[in-house]
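**Q** Can you keep this structure in mind? I'll have questions shortly.
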Amino acid sequence: MSGPKDSGTNGEPQYAALVTAIMSAGVTEAGEGIDGIRWNILGQTYVPKQYSESSLSWHATLPPGTFVPPHIHPTQDEFIYMLQGRLDLVVDGKDGVANPGDTVRLPRGISHGLYNRSDHDVKCFFWVSPARRLYDLFWALHNLGPNASPAEVVAVAAKHEVDFLPPPEDGE
């Protein structure tokens, strides 16, 4: 399911036609994303499996040493189902761990960070509800490339309803 990709006023791709889309019936095959999409999000691979106004889901591979810094989704609930590996978490300031078979629940408005501190890939299935602007954010981050500065990432994310937390002060 895809809509026209138009350049917005700031050069970011716009997928407004998709936001109002209704989920289509069918199968997204293993290893494939909808419309063949595969995003590189700061060294991680995200493969979208389903997208509609009410939700977005994707398969994620987090190589060793990669992470998603602490952030908040003020308008979405997020879930992670663990398939392979160990994911270290910080949820609402508390440390945690997720292993294969675990489901991580991240309510809207709660800060969370995800870390692969192991020597092996982490594979997991994410979904958010509602989709809001996350699909557009993943395109924007993919288009920034692998060498994007943290400031660029934070600015783009804020435009798409994801708020990154500032790094901790030295000594904390």
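The numbers here are math on the coordinates, done by the rules we state, and not lab data. Values in this document were obtained by computation on a predicted structure and should not be read as measured data. A quick note on method: Cβ atoms are made from the backbone with ideal geometry, for glycine too, and the neighbour counts reach across all protein chains shown.
**Q** Taking the beta-carbon count within 10 Å as an exposure proxy, list ARG105, ARG117 from fewest neighbours to most.
**A** With the sparsest Cβ surroundings first, the list reads ARG105, ARG117.
**Q** Over all distinct Cα pairs, what is the inverse of the mean 1/r for the range 36-172, reported as the Kirkwood hydrodynamic radius in Å?
**A** Radius from the Kirkwood sum: 15.1 Å.
**Q** Could you go through the range 116-128 in sequence order and give the Karplus-derived ³J(HN,Hα) for each residue, using 6.51 cos²θ - 1.76 cosθ + 1.60 with θ = phi - 60°, rounded to whole Hz, and x for Gly and Pro?
**A** 9, 9, 8, 9, 10, 4, 9, 10, 8, 10, 9, 8, 10
**Q** Taking a ≥ b ≥ c as the square roots of the eigenvalues of the Cα gyration tensor of the range 60-134, is the shape rounded (a/c under 1.5), prolate (a/b larger than b/c) or oblate?
**A** Here the range 60-134 falls in the prolate category.
**Q** For ALA158 and VAL97, what does the FRET efficiency come to when R0 = 35 Å and r is the distance between their Cβ atoms, rounded to the nearest 0.05?
**A** 0.75
**Q** Hey, what do the phi angles of the range 59-67 turn into as Karplus ³J(HN,Hα) couplings, whole Hz, using 6.51/-1.76/1.60 and θ = phi - 60°, x for Gly and Pro?
**A** 8, 10, 10, 10, x, x, x, 8, 7
**Q** Using alpha carbons only, how many angstrom separate the centre of the range 25-44 from the centre of the range 55-94?
**A** Between the Cα centre of the range 25-44 and that of the range 55-94, the gap is 17 Å.
**Q** Still on this model: When the chain is fully extended, how far beyond the present Cα-Cα distance does LYS123 get from SER24, taking 0.36 nm per residue of separation?
**A** 33.1 nm
**Q** Now for a separate question. What are the ³J(HN,Hα) values, in whole Hz, obtained from phi via the Karplus relation 6.51 cos²θ - 1.76 cosθ + 1.60 with θ = phi - 60°, for each residue of the range 71-85 in sequence order, with x given for Gly and Pro?
**A** 7, 10, 9, x, 10, 9, 8, 10, 9, 9, 9, 7, 9, 8, x
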